[in-house]
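Nothing in this text is a laboratory measurement; each read-out follows from the coordinates by a stated rule. It should be emphasised that the depicted structure is a prediction, and the values quoted were computed from it without experimental measurement. Positions of Cβ are backbone-derived with ideal geometry, glycine not excepted, and every protein chain shown enters the neighbour counts.
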Amino acid sequence: MEYQYYFGDNGPNNFEASPDADWIETYLGDDIVIAGAGDDLIRSGPQDPVAGYSDNDTMYGDSKFSPAGNDHIYGGYGNDVLWGDNLDSYGGGDDQLHGEAGNDQLIGGGGNDALWGGEGNDRIDGDAGNDYLDGGTGADTMEGWSGNDTYWVDSANDIVSESASAGNDTVYSTIHYTLGANVENLGLDGTAAINGTGNDLNNQINGNNADNIIATQLGNDTVYAFGGNDLVLGGGGDDGMDGGEGNDKIYGDSGNDHLNGGAGADQLEGGIGNDIYWVDSASDVVIEAASAGNDTVYSTVSYTLTSNVENLALLGSTALNATGNGLKNLIYGNAGNNSISGGSNDDNLFGEGGSDNLNGGTGNDILTGGDGIDMLTGGSGADKFRLGSPNMDSDVIKDFKRSEGDKIQILTTFLETNSLSGFSYNRSTGALFYGDSMGRIQVATIANKPSDFSVQRDIVLV
């Protein structure tokens, strides 16, 4: 091809090409280049704005001998080739390339580049740096290469290609989308009800405010579904899933998963593994299969454990109720005044803060009141009433029965003793003391005042 040649210098120059095939090369000045109608080749200096026109142009953001610049290049009409660097890989900079109309090829080169394909079926290569790749309309092929790259997808015919260990990359999609190999993150964009699927990496997947279906695969994934009535399907890893607003259904599958429905009436099913559920509404439903792991519910509302869930912890400072089931439950109160009840098995109940009411039910239970004046009822079975919180007041033991095997356990870290000699019991009042008349404290009241209570037989230091 025969070119007309234009060369710049160190000063500011304005180039407007002819209708024929032109070769334009600027240098260090602040230049403006507007290509004409021919098939042009343009090498600009650092930070020079370049615009193509109607034919098939080739444009370089940096000339062969100029330093790197942050270049702005517009392809115009035609099938253009836009380079952020020059052909010899000199230059660089954080470039902005706009293919506009036509089937264009954009190569960002070094730097953190922003590449827009515009109309047509474009090929976009980010090369090095943390690049932004948006094919625009058409069936576009995008490859970020090294760096933490961001892709925008709007067609099922768009292709995103990434190499292994080439950064932490993200796709934003306005259509149903499944992450390809070596891409870590997915965000569903727009207002349509679209679906997103991960891959075998550790994915971060975000929904939009519509009704999404989000599915993870084998990695340890994090999902935030945002608004809408979403369906979230965990995979084989240890996944963290949050439904956001709306009435969501979340399934953990295998792995040790965290399931949080967010606002709304949510259905949470952990599957196999030691799962953690977050409950904030009385309308939330937790479903677990038998022998599918050791599972825990954290709740900001009064809650009764459903079948096959072992553990419960109340959150916040509101006075709430917690109730166990037929398993061996571990139940914690919060900072408020709680009513905590075990079930029909051997339960471990902790009042924590506040003045709590603990009831072990049937079974051999352990009751620890914690801070405040707590009411401890063991129920039937060989129960242990554990005393020794640093901020403990005198707890009330409602039903101590040696005949059933009950014991009072004293934490030695609380009283700093390894001897029972300092304890005394008043049978007429049921008061249990530690110390002597010069420094005696009441550690509990045994409300049923058992006449056969013995410090040596019924108290255990732990």
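Kindly provide log₁₀ I(q)/I(0) values, in the same order as q = 0.12, 0.25, 0.27 Å⁻¹, from the Debye equation applied to equal alpha-carbon scatterers of segment 79-156.
-0.26, -1.06, -1.20
How big is segment 422-462 by Rg and Dmax over its Cα atoms, in Å?
Rg, Dmax (Cα atoms, Å): 10.0, 28.
Using 7 Å Cα-to-Cβ label points, what is the Thr191/Thr412 separation (nm, one decimal)?
If labels sit at Thr191 and Thr412, their model points lie 6.9 nm apart.
Sequence neighbours fewer than 8 away in the same chain don't count; with that in mind, list the lysines whose C-alpha is under 16 Å from Lys384.
Output for Lys384: Lys328, Lys398, Lys401, Lys407.
Please compute the modelled spin-label separation between Ala139 and Glu119, points set 7 Å along Cα→Cβ, answer in nm with one decimal.
Result for the modelled spin labels: 1.9 nm.
So if we plug the beta-carbon distance of Ser451 and Glu245 into 1/(1 + (r/R0)^6) with R0 = 56 Å, what FRET efficiency do we get, rounded to 0.05?
Computed FRET efficiency for Ser451 and Glu245: 0.40.
I want to make sure I understand the PRE zone here: with the label point 7 angstrom from the Cα of Leu218 toward its beta carbon, which residues in segment 225-247 have backbone N atoms less than 16 Å away?
235-239
Find how much the distance from Ala382 to Ser291 grows on full extension, using 0.36 nm per residue of separation minus their present alpha carbon separation; answer in nm with one decimal. List each step's numbers first, then the result.
On the way: separation 91, 0.36 × 91 = 32.76 nm, distance 2.62 nm.
Length difference between fully extended and current span is 30.1 nm.
Among the chymotrypsin sites (Phe, Trp or Tyr not before Pro) in segment 329-424, which ones are in a DSSP loop with at most 10 other Cβ atoms within 10 Å of the Cβ? Mind listing them?
Within segment 329-424, no chymotrypsin sites (Phe, Trp or Tyr not before Pro) qualify (loop, at most 10 other Cβ atoms within 10 Å).
Express in nm, to one decimal, how much length is gained between Arg440 and Ser428 on full extension, taking 0.36 nm for each residue of separation and deducting their alpha carbon distance.
Gain in length upon complete extension: 2.5 nm.
In nm, what is the difference between 0.36 nm times the number of residues separating Ser403 and Ser155 and their Cα-Cα distance?
Here the answer is 81.8 nm.
Return the loop-located GluC sites (Glu not before Pro) in segment 340-445 (DSSP other than H, G, I, E, B) with at most 12 other Cβ atoms within 10 Å of their own Cβ; answer none if there are none.
Glu416
Take every Cα-Cα pair in segment 223-300 and report what % of them are more than 23 Å apart. Display every interim value, and only then the final one.
Working: 266 of 3003 pairs.
Above the 23 Å cut-off, segment 223-300 has 9 percent of its Cα pairs.
What ranking do 248-255, 177-184 get when scored by the average of other Cβ atoms within 10 Å per residue, highest first?
On the way: 248-255: 23.4, 177-184: 18.5.
Going from most to least packed, we get 248-255, 177-184.
In segment 400-434, which residues have a backbone nitrogen under 19 Å from the label point lying 7 Å from Asp393's Cα in the Cα-to-Cβ direction?
430-434
Reported to two decimal places, what Rg/Rh ratio describes segment 306-462 when computed on Cα atoms with Rh from the Kirkwood expression?
Values: Rg = 15.1 Å, Rh = 15.5 Å.
With Rh from the inverse mean 1/r over Cα pairs, Rg/Rh is 0.97.
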